[in-house]
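The values are calculated or read from the model by the stated rules, or taken from the named source; none is laboratory data. All values reported here derive from a predicted model rather than from experimental measurement. Positions of Cβ are generated from backbone atoms using ideal geometry, with glycine treated the same way; all protein chains shown enter the neighbour counts.
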Amino acid sequence: MVGVPGRSKGCKTCKRRKIKCDLQEPQCGQCSKGGRHCERSQKEIAFIHRTPQGLLRKGQELCREPAPWDTRRTGNRARATHMPPQVNPAAIYLDGMLSTFLGAFLPSSSILPLTDPYHIPKPPTLWMNIAISLPRHSPVLSVALQALCMTKIAQTHGDTALLMQGMAMHGRALRALQNAIHNTSTALTDETLAAMRVLGIYEFHEGTMGSVVGWTSHEEGMEQLLRLRGFSASQYESELSLALLAGARKSAMIRGLQFLKGTFFGEERWCVEPWGSRPKDYIQQLCDIGLRLPCILEELHTKPGLHIDLTWQRCQQLDNRLNAWHAHILTLFPTVPYWEQPAERIARSTDIAPSPFSTAFTFFDLRAADALAFFWALRIHVHAALRGLSLSGAAPRGSAPEEHEAIIEACACNIARSVLYFTQLKSGFLGVHSMIFPLKTALSAFRQMGWETEWEWCRGVLLTMKSRGIRYPSDIVEAEWGEQLQ
């Protein structure tokens, strides 16, 4: 605050003589009468320190009322004066990073679910969006988010110094997560679970100890924490807790099919109890079906020849449920949720080679695309099992392997024709994440069918994702289903 010392405007000569100055210019009357020099030099500017007390005094002088941050009261009430609100540059810097990261992670609004009067049962808000928008972050969630955001922004802009900060922050986040897990009061909180998923995504992108191993270890740890939490609906009342559970179920389904290993999420109580009276969205309804499949494939892989008839029936029932789900989702949208277009009319990212297919799919929104791509991938796994049973002679009469091969080919082609939609830049990192598991499934199908051109193209797409800063697709491109990756 800038002020001028003194209150009198008279000349200095009159002040020294202690007489009244008539303020005439350029020489006052008193000095003219006495023949004296009238000293009217300009007054020096003074800088007043902006202390809370000074601000209070200034405010009271101007308006005779206390400043907004002054809580003084008259009477017998206690008197307390607080510091004025201060700007926290660190918080502004962190908010800016989180906002920048979300802009790259989430798809643009043009391919997000629409807010329209069609009453489509939408999936819960993405857990990442909820975690970032929390009014206050726990220490473990804060450092985990900073590690992920710093690293991704540094890679995008080629900032080596920021990248080193992000790597250092990742080490801090791992230690903070370990401390939070070993503390009984914080081990099962939403913030700890969210931090574990954030660090899982960090490994998914960076692969500090191998992206598959790192991502899997974090996801398995979260799965165990959720198991300790239990399946009671009272444990999942918050929006973040339900979104974390939904993401963990989908991740468990992917890992179960990847390693041919069942999960407790496939149990009936875990498919029903956590939601209580709340309705399930169409993606979680699909997960209810898909989570039963890893258990069947595990038995088929570890105990071949045992209960063949029962395994056939279970696979056939899952396929019937998948077809019923697909028929149901077609009725949810005001129009068909996906349609064909010439491939050259879809905006292809420059790092993706031209598609070997003449047509490509466009979807109603990204979540519909995510659900349908997983639907096709699950059908490939189911009919691959049915085809194997048919080739072994264990299938009922009238079931030819060719029927299952035709379905596998159609679903694999549908996934491949969806790649251009998932990899366009406006789909963000989330679009790439949604594509990886279905495309890996289609890649394995093309290899088994001997479709070299389509296999090479899908393989190239997965390898290209490494140039976008996502290591996981390139690490699994050569792996077979059920192989324990190192």
| request: For the stretch 216-236, name all the residues that are in contact (Cβ under 8 Å) with a residue 24 or more places away in the chain, within 23 Å of LEU257 (Cα to Cα), in a helix (DSSP H, G or I) and not aliphatic (A, V, I, L, M). | output: THR216, GLU219, GLU220, GLY221, GLU223, ARG227
| message | Just the residues that are among the acidic types (Asp, Glu) and modelled with pLDDT under 55, please, taken from the stretch 20-57. | response | GLU44
| Are any of the residues in the stretch 102-115 in contact with a helix residue (DSSP H, G or I) (Cβ under 9 Å, 6 or more places away or on another chain), modelled with pLDDT of 75 or more and under 22 Å from PHE204 (Cβ atoms)? | no
| query | Which of the residues that make up the stretch 147-187 are charged (D, E, K, R), modelled with pLDDT of 90 or more and surrounded by 13 or more Cβ atoms within 10 Å (Cβ to Cβ)? | reply | ARG172
| query | Quick one: is SER232 over 30 Å from LEU177 (Cα atoms) and of a type in the set (Ser, Thr, Tyr)? | reply | no
| task | State whether one or more residues within the stretch 172-194 are among the hydroxyl-bearing types (Ser, Thr, Tyr) and touching a Phe, Trp or Tyr at 6+ places or on another chain (Cβ under 9 Å). | result | no
| said: For the stretch 237-254, check the following and say yes or no: at least one residue is among the hydroxyl-bearing types (Ser, Thr, Tyr), surrounded by fewer than 21 Cβ atoms within 10 Å (Cβ to Cβ) and part of a loop (DSSP other than H, G, I, E, B). | reply: yes
| field | Output for the stretch 411-439, where each listed residue is under 22 Å from the mean Cα position of the chain (by Cα) and closer than 19 Å to MET253 by Cα | value | LEU430, GLY431, VAL432, HIS433, SER434, MET435, ILE436, PHE437, PRO438, LEU439
| field | Cβ-Cβ under 7 Å pairs, at least 6 apart or on other chains, the stretch 169-190 side under 17 Å from LEU244 (Cα atoms), far side among the small types (Gly, Ala, Ser) and not in a helix (DSSP H, G or I) | value | ILE181/ALA187; ASP190/SER238
| query | Among SER427, SER434, which is at pLDDT below 85 and at negative phi? | reply | SER427
| message | Go through the stretch 432-483 and report how many residues are part of a loop (DSSP other than H, G, I, E, B) and either touching a residue at least 60 places away in the same chain (Cβ under 8 Å) or closer than 19 Å to VAL212 by Cβ (or both). | response | 10
| remark: Within the stretch 356-389, residues crowded, with 23+ Cβ neighbours inside 10 Å and touching a Lys or Arg at 6+ places or on another chain (Cβ under 6 Å) come out as PHE361
| request: Go through the residues of the stretch 208-230 one by one and say whether even a single one is more than 26 Å from GLY266 (Cβ to Cβ), touching a helix residue (DSSP H, G or I) at 6+ places or on another chain (Cβ under 7 Å) and buried (at least 19 other Cβ atoms within 10 Å of the Cβ). | output: no
| request: Specify the residue that is surrounded by the most Cβ atoms within 10 Å (Cβ to Cβ); the eligible residues are those in the stretch 306-339 that are of a type in the set (D, E, K, R) and over 17 Å from PHE375 (Cβ atoms). | output: ARG314
| note | Flagged in the stretch 448-476 as over 24 Å from the mean Cα position of the chain (by Cα), under 22 Å from SER434 (Cβ atoms) and crowded, with 17+ Cβ neighbours inside 10 Å, in numbering order, are GLU454, TRP455, TRP457, CYS458, ARG459
| For the stretch 204-215, what are the residues that are part of a helix (DSSP H, G or I) and touching a residue at least 60 places away in the same chain (Cβ under 8 Å)? | PHE204, HIS205, GLU206, SER211, VAL212, VAL213, TRP215
| task | Within the stretch 195-248, track down each residue that is basic (Lys, Arg) and more than 13 Å from the chain's Cα centre (by Cα). | result | ARG227, ARG229
| task | Among the candidates ALA353, ALA347, single out the residue that is surrounded by fewer than 13 Cβ atoms within 10 Å (Cβ to Cβ), part of a loop (DSSP other than H, G, I, E, B) and touching a helix residue (DSSP H, G or I) at 6+ places or on another chain (Cβ under 7 Å). | result | ALA353
